[in-house]
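Working notes, structure below.
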Amino acid sequence: MDPSIADTAKVQIRLSTREDGLEVPDDSRLLFAPTSLRRVDLSRLVNNLLHNDTPIPFEFLVNGQFLRTSIDEFLTQNGISAETTLNVEYTRAFIPSLHVSTFEHDDWVSAVDILSTSSPAGHWTGNYPQENTRILSASYDGLLRVWDTAGNVLATSSAPHNGGRITSLKSAKWLSDKKIAAAGMDGVVRVYSYDDSTRTLGDATLELYNHNWQVDNIAVHGPSHRILAASADTTISLFSSRAKENPAAPESLLPRSTAASNKRQKLSKPAHSAPARGALATLRSHTAPVSAVLFAPNDPTVAYSASLDHSLKTWDLPTSSVVETRATSHALLSMAALPTLNLVATGTSARHISLIDPRASATHIAVMTLRGHANAVVSLDTHPRSEYGLVSGSHDGTVRVWDVRSVRTATEGQGQVGESVFVIEREGVEKMRSHGEGVKVFDVRWEEETGIVSAGEDKKVQINRH
C-alpha cells in the first residue's frame, strides 16, 4: 500500500464515555479519524475536544476491546471493514504504579488494611481526615501495627493472652477509626481499641470464640458492628463487635478448658479481663476450609464465602441459610465483589481469577477468566473509583492490576479471558523466582490517595502509587 494513501485513510468513529464530567460535546462525538492513529494519538484528540489544560491519559475500547495497535491494524486483525462505524469508548488509563515506600517487619506480613477518607472504615466513621491516613498490618509474629504513610509505627498491639497457643495472625480489618478486628492461627477473633491521639493499641478488648481451627479471613461491616470469620474448620461465624450482643463463649474452646493449656497459661502472661464471647450464628455448608468471606456491598444481610471445596456460596445472614451455591473446577482462595457488574471475583489455586455471577438466574458460572499469575491468587481488592478495576496478590510474588473490559474471546465454553494491565513486583528483588519463593504476596489493598498497599513473605508492607 502506498504510504501516502495509508496516511490519509480514515474511518468513522463514535466517541463515548462512562466517566462523569468527561463527555465530549455532542457535535464532536461522531467524526472521521485517520486509521494510523494509536492510543496516544486518540488520547490527544479527546483531550483537545475536552479543552483540557492538563492532559488526562485515556484508554480506548473499540467495539469492546482495548486498542493496543493502530486502528488500521485493529481493523485487519478483527476482519472489520473500514466502512464500518467504530464504537470507541474512552476511559481514564490505569497508570503503572511507582514504588513509594516499604515498611519493614520482623516476620511475614499476612494482612494489611487502610483507614482513610475514602476507605470503608473512613466512610463508616464519617468525615475522616485524609491527612490522618493510617495503615494497619498484621504479622506472623502475632502483633498488629498501625503506621502513618511515612512509615512510622504509631502503635503496636500486645501479644494475645491465649494460653500459649500459636498466635500468628492471618487477617485484620479496621471497623472504625477506633476499632480493629483481627484473627489467625489460634482460631480466636479479637477486637482492639485504637486511640490515635495517644497512639495506643494494647490488649484485645473482646475475644470471640467459635472455631476449632485457624481463622484465615475476616470481613467487617462497621455500621452493624458485624464480623464474619472464615475458618479452616469449614464453618463461618457471625459475631458482633459489641460484647453484650454475643452469647457466652463455648467453654470447650476457652484456653483454660484443658490441663495442658492451664500449664501453658501459667508459663505465659497473666490472664487479663477481656470479655470472651461466642457467635451469633454458625454458617455450615462448606465441606473444606473456608478461605474468604465478605459482606455483599449493597446489602450487609447477605454474605459470600469461598472455599477449598471449589464453591462460592451466597448466604442470607438473618436465617443463616445458603441462598445459592456456584460450583467451580478449582479451590477458591480469595474474593472481591464487583456489584455494578453483578460479579464476584475469586482467586484460585490454579493461578487465575474467575469472575463469577452468583445470582441464581445466571446462565453461566464463570463469565470471565483473568490469566497471568504463575502461582495461587490469594488476595483481591477493587479499584477505588472504577467499577471495572481489580488488583490481585499472588504467591508468585507479584501484584497485578486488571481492567475486566480488557478481554478476548476464549475457546467455546470458556467465556472471555482477560490479561493484566500492569504488574508490580516486590521492591528490592533483583530477579523474581519462578514461583515466588521468599517473596509471596499474602494481601493487597487499593485506596485512591494511598495507592496499592501489599504485604508478604518478604516481611514488608509495600506501597505503590502512580
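The values are calculated or read from the model by the stated rules, or taken from the named source; none is laboratory data. Small disclaimer: the values here were computed from a predicted structure and weren't measured. A quick note on method: Cβ atoms are made from the backbone with ideal geometry, for glycine too, and the neighbour counts reach across all protein chains shown. Quick note on the areas: whole protein, heavy atoms, side chains included, nothing else; ligands and nucleic acids left out. Shrake-Rupley method; radii C 1.70, N 1.55, O 1.52, S 1.80 Å.
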Q | Percent of C-alpha pairs per 10 Å bin, the stretch 1-150, short to long | A | 9, 27, 21, 16, 16, 9, 1
(Q) Please compute the Kirkwood hydrodynamic radius over the stretch 68-221, one decimal place, Å, based on all pairs of different Cα atoms. (A) 18.2
Q.
Rounded to the nearest 20 debye, what is the charge dipole size of the stretch 10-92 about its Cα centre when +1 sits on each Lys and Arg Cβ and -1 on each Asp and Glu Cβ?
A. 220
**Q.** Cα centre as origin, Lys/Arg/Asp/Glu Cβ charges: the stretch 98-465 dipole, Debye
**A.** 780
**Q.** Carbon + sulfur, % of accessible area of the chain - ligands and nucleic acids excluded, 1.4 Å
**A.** 48
**Q.** Accessible surface, the stretch 96-233, averaged per residue in Å² (probe 1.4 Å)
**A.** 35
(Q) Helix 39-50 against the longest principal axis of the chain: what's the angle in degrees, Cα atoms only, rounded to the nearest 10? (A) 90
(Q) Beyond a 20 Å Cα-Cα separation, which of these cross-linked pairs lie in this structure: 440/460; 313/440; 179/440? (A) 313/440; 179/440
Q. What are the GluC sites (Glu not before Pro) within the stretch 55-123 that DSSP puts in a loop, where the Cβ has at most 16 other Cβ atoms within 10 Å?
A. 83
Q. Ratio of Rg to Rh for the stretch 10-92, alpha carbon only, Kirkwood?
A. 0.94
Q. Under the rule of -39500 (n - 2.57) per DSSP H run of 4 or more residues, summed and divided by the residues of the chain, what mean residue ellipticity at 222 nm is obtained, to the nearest 500 deg cm²/dmol?
A. -2500 deg cm²/dmol
Q: Give me the accessible area per residue for the stretch 30-72, probe 1.4 Å, as a whole number in Å².
A: 51
**Q.** the chain, relative contact order in percent, only Cα pairs under 8 angstrom and at least six apart counted
**A.** 11
Q | Per-selection Kirkwood Rh - the chain (Cα, Å, 1 d.p.) | A | 23.8
(Q) Rounded, prolate or oblate for the stretch 338-400? Axes are the square roots of the Cα gyration tensor eigenvalues, ordered a ≥ b ≥ c, and the cut-off for rounded is a/c under 1.5. (A) oblate
